[in-house]
1. Tell me, please, whether a residue that is in the same structural domain as Leu155 (by TED's automatic domain parsing), on the phi > 0 side of the Ramachandran plot and modelled with pLDDT of 95 or more can be found in the range 172-179.
2. One residue is enough: does the range 43-65 have a residue meeting the conditions hydroxyl-bearing (Ser, Thr, Tyr), in contact with a Ser or Thr (Cβ under 9 Å, 6 or more places away or on another chain), open to solvent by 20 Å² or more (accessible area, probe 1.4 Å) and more than 12 Å from the ligand (Cβ to nearest atom)?
3. Would you confirm whether any residue within the range 18-26 is open to solvent by 40 Å² or more (accessible area, probe 1.4 Å) and within 14 Å of the ligand (Cβ to nearest atom)?
4. Can you name the residue in the range 249-271 that is within 19 Å of Ala21 (Cβ to Cβ) and not aliphatic (A, V, I, L, M) and is also modelled with the highest pLDDT among such residues?
5. Here are some conditions: (1) over 21 Å from Leu162 (Cα atoms); (2) within 15 Å of the ligand (Cβ to nearest atom); (3) under 17 Å from the mean Cα position of the chain (by Cα). Ile91 meets all but one. Which one does it not meet?
6. Among the residues of the range 302-320, which ones are more than 26 Å from Ala34 (Cα to Cα) and open to solvent by less than 30 Å² (accessible area, probe 1.4 Å)?
7. From the list Ala198, Ala229, Ala189, exactly one residue is open to solvent by less than 20 Å² (accessible area, probe 1.4 Å) and more than 14 Å from the ligand (Cβ to nearest atom). Which is it?
8. Criterion first (in contact with a helix residue (DSSP H, G or I) (Cβ under 6 Å, 6 or more places away or on another chain), open to solvent by 20 Å² or more (accessible area, probe 1.4 Å), assigned to a loop (DSSP other than H, G, I, E, B) and farther than 16 Å from Ile15 by Cβ) does Phe204 satisfy it?
Amino acid sequence: MPELREIVAALSTPIVGAPMAGAAGGRLAAAISAGGGLGMIGVGNVATVEQVRAECGIAAASGERFGVGLMCWSLPQNPELLDAALEFEPIVVSLSFGDPRPHLAKVRATGAAVVAQVGTRAEAADALDAGVDGLVVRGSEGGGHGRGVVSTLPLLQQVLDLTDRPVLAGGGVATARGLAAVLAAGAVAGWVGTPFAACAESLFRPELKEAVIAADTDQTVYTRAFDIAQRFDWPTRYGGRALVNTFTTSWADRTDALQAAVTDELTAKIKQARVDADLSLAPVYAGESAGLVDRARTAAQVLADFAPFRDYLRAAQRWT
Ligand SMILES: Cc1cc2nc3c(=O)[nH]c(=O)nc-3n(C[C@H](O)[C@H](O)[C@H](O)COP(=O)(O)O)c2cc1C
């Protein structure tokens, strides 16, 4: 299998569709790859082997290359999720949110390139030490889970100086201007989540896509409140960025109080709100770039809208 740098160089648009549990399934991954990027399937902490097989099966049946992203902290409880994904020969595997070391040899044996999302300089140094093939700088403005401490641009500048291995940039990369900015800085590709979460092929329910399209850049919040309420065992250094709603207004910055107050009833209420798409209580994971997503699009249209990045790179050349 080709190396990460070659995989990215072969794309017609330097965009990797970020793995997103609950949004990025096989259909979205295949559509992104067919459109000239590389689509990734997100495997969450509550995924089942059957779901992983079904979503990877859809992507594999398309004949397109695709990747898979898993959460290291949850793999010890569910090691079969990684095995199930590897059966479908993803070309890139993201081992994020925890220590990738226990899984590296198994993934490497399949020939897949391994990347890790990092949210601080220390996490970047650790992932490099572990031996991943490339890093994904994922700034605090990004949607879904990750670190909430450093934003994309400062972290990208810092990490690019740390390594010669390929670095992708995620968190707020949502337009041709943003893509040009991270490529000019030295990233090999953008790692794009939120714009694809809202697109036609995403697994998001229609209500969630509409909410992302309606939200502005200042209508998201980074919080652990949803994980505490649902009693998910996310390590405490990881929160998630989601759209502001009634629940986050009450609890986002009072997580210690929430931890003490959480009841079975509240846990059931949030889980039911997700089933009912009651967006006053349910999490809608999305980044600040929700404010840059202003209409319903297909994955191909999202990719096409990135195309003018070349014009911005050319315009910046007047400084060379
Ligand atoms: C709805 C949603 C679900 C996500 N789920 C995952 C996941 O399962 N695994 C993962 O590694 N990252 C996950 N992420 C984070 C993305 O991989 C990526 O870092 C982020 O979306 C990039 O920032 P952006 O949303 O500003 O584009 C998720 C993000 C979103 C928006």
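The values are calculated or read from the model by the stated rules, or taken from the named source; none is laboratory data. This structure is a prediction, so every number in the text was calculated from the model and none was measured. Methodologically, a virtual Cβ is constructed for each residue, glycine included, from the backbone with ideal geometry; neighbour enumeration extends over all protein chains shown. Keep in mind that these areas ignore ligands, DNA and RNA; they rest on the heavy atoms of the full protein, side chains included. Shrake-Rupley method; radii C 1.70, N 1.55, O 1.52, S 1.80 Å.
1. Looking through the range 172-179, at least one residue is in the same structural domain as Leu155 (by TED's automatic domain parsing), on the phi > 0 side of the Ramachandran plot and modelled with pLDDT of 95 or more.
2. Within the range 43-65 (the criterion being hydroxyl-bearing (Ser, Thr, Tyr), in contact with a Ser or Thr (Cβ under 9 Å, 6 or more places away or on another chain), open to solvent by 20 Å² or more (accessible area, probe 1.4 Å) and more than 12 Å from the ligand (Cβ to nearest atom)), the answer is yes, since at least one residue qualifies.
3. yes
4. Among those residues, the one meeting the criterion is Thr267.
5. (2)
6. None - no residue of the range 302-320 is more than 26 Å from Ala34 (Cα to Cα) and open to solvent by less than 30 Å² (accessible area, probe 1.4 Å), so the list stays empty.
7. Result of the check over Ala198, Ala229, Ala189: Ala229.
8. For Phe204, the condition - in contact with a helix residue (DSSP H, G or I) (Cβ under 6 Å, 6 or more places away or on another chain), open to solvent by 20 Å² or more (accessible area, probe 1.4 Å), assigned to a loop (DSSP other than H, G, I, E, B) and farther than 16 Å from Ile15 by Cβ - is met.
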